[in-house]
Amino acid sequence: MASLVGTYDIALVTLDTLRYDVAAEEAAAGRTPHVARVLPDGRWEARHTPASFTYAAHHAFFAGFLPTPVTPGRHERLFAARFPGSETTADGTWVFDAPDVVTGLGRAGYHTLCLGGVGFFNRRSPLGSVLPGLFAEDHWRPEFGVTEPDSLRHQLDQLAVSSAAVPAARPLFTFLNISALHQPNRHYLPGAAEDGRDSHAAALRYVDTVLPRLFALLTSRGRPCFVVLCADHGTAYGEDGHQGHRVGHDVVWTVPYAEFTLVPGEW
């Protein structure tokens, strides 16, 4: 990533609460064709998240600790805050002298944009203001949140406006927290009375239908865009008696991950 900073636009897109097993099954069955198009061999990579809920996971992500490959060993990080003794900073790592990558990219000339989704990005409380407060520009409205069935479309309406306002000469860092997977998601499955694994999968299928517009917008400024697309954590639907997340269960800790470059004009 070190060679890309300054010339490429960069996007971190978190599919809030998306389970790895559900994402992998939907891709293998051909039910998420748009995301499969950008995945190596059409498959998600399984990784371990650094935290079991949104607030903690995103703090780690912004500090450079993205989900870690499940295979043993030291794994080179894409970006990292300068930290004495770091064992996962290598030649390809972009190292920044700041506590978080948002500040680091801002100092490197990027306009930093946050499009919030779940409540930790809504600025309705001091706690909900911490993460969006890192950015030069942030947006959240109720229609971006977990109760709106077409939340991603509304978020992309804002992305279209915000990205068009950034001068062409200035690179853009976009952070998008997609809320659709998070409970409640029963509204994506007609007739469902409660949330479950099936409605979680249906929410992912909804997101997939909107991804072509997201990818087109991320390259609409004429620059290639390096994208990290991943979940921040998973969630339980009754496994071993667990419901939800912020628990140490494998369906929470194992998340889907991908990184890829989008080229202008291909979407």
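The values are calculated or read from the model by the stated rules, or taken from the named source; none is laboratory data. All of these numbers come straight from a predicted model, not from anything done at the bench. Glycine also receives a Cβ, built like all others from the backbone with ideal geometry; neighbour counts cover every protein chain displayed. When the accessible area is computed, the model is the full protein with side chains, heavy atoms only, and any ligands, DNA or RNA have been set aside. Shrake-Rupley method; radii C 1.70, N 1.55, O 1.52, S 1.80 Å.
Things worth noting here:
- Taken residue by residue, segment 236-255 has no member that is surrounded by fewer than 16 Cβ atoms within 10 Å (Cβ to Cβ) and of a type in the set (Val, Ile, Thr).
- Condition broken by residue 36, with the remaining ones in (1) free of Cβ contacts under 8 Å to residues at least 60 places away in the same chain; (2) open to solvent by 10 Å² or more (accessible area, probe 1.4 Å); (3) over 24 Å from residue 155 (Cα atoms); (4) of a type in the set (Gly, Ala, Ser) satisfied: (3)
- Taking the listed residues 231, 236, 180, 192, the one that is more than 30 Å from residue 266 (Cβ to Cβ), touching a Ser or Thr at 6+ places or on another chain (Cβ under 7 Å) and not β-branched (Val, Ile, Thr) is 192, with no other qualifying.
- Residue check, residue 54 open to solvent by less than 20 Å² (accessible area, probe 1.4 Å), polar (S, T, N, Q) and touching a Gly at 6+ places or on another chain (Cβ under 7 Å): no
- Here residue 151 meets the list (1) closer than 25 Å to residue 44 by Cα; (2) in contact (Cβ under 8 Å) with a residue 60 or more places away in the chain; (3) buried (at least 18 other Cβ atoms within 10 Å of the Cβ) almost entirely, failing just condition (2).
- Among the residues of segment 154-204, the ones that are more than 20 Å from residue 21 (Cα to Cα), touching a residue at least 12 places away in the same chain (Cβ under 8 Å), open to solvent by 10 Å² or more (accessible area, probe 1.4 Å) and assigned to a helix (DSSP H, G or I) come to 5 in all.
- Among (1) modelled with pLDDT under 95; (2) closer than 17 Å to residue 177 by Cα; (3) touching a strand residue (DSSP E or B) at 6+ places or on another chain (Cβ under 6 Å), the one test that residue 121 misses: (1)
- Selection status of residue 116, in contact with a helix residue (DSSP H, G or I) (Cβ under 7 Å, 6 or more places away or on another chain) and either of a type in the set (Asp, Glu) or within 29 Å of residue 25 (Cα to Cα) (or both): yes
- Output for segment 1-33, where each listed residue is under 26 Å from residue 76 (Cβ atoms), β-branched (Val, Ile, Thr) and open to solvent by less than 50 Å² (accessible area, probe 1.4 Å): 5, 10, 13, 14
- Pairs, first without any contact (Cβ under 8 Å) to a residue 40 or more places away in the chain and more than 20 Å from residue 233 (Cβ to Cβ) in segment 68-81, second open to solvent by 60 Å² or more (accessible area, probe 1.4 Å) and charged (D, E, K, R), C-beta under 7 Å, six or more apart: 74/87
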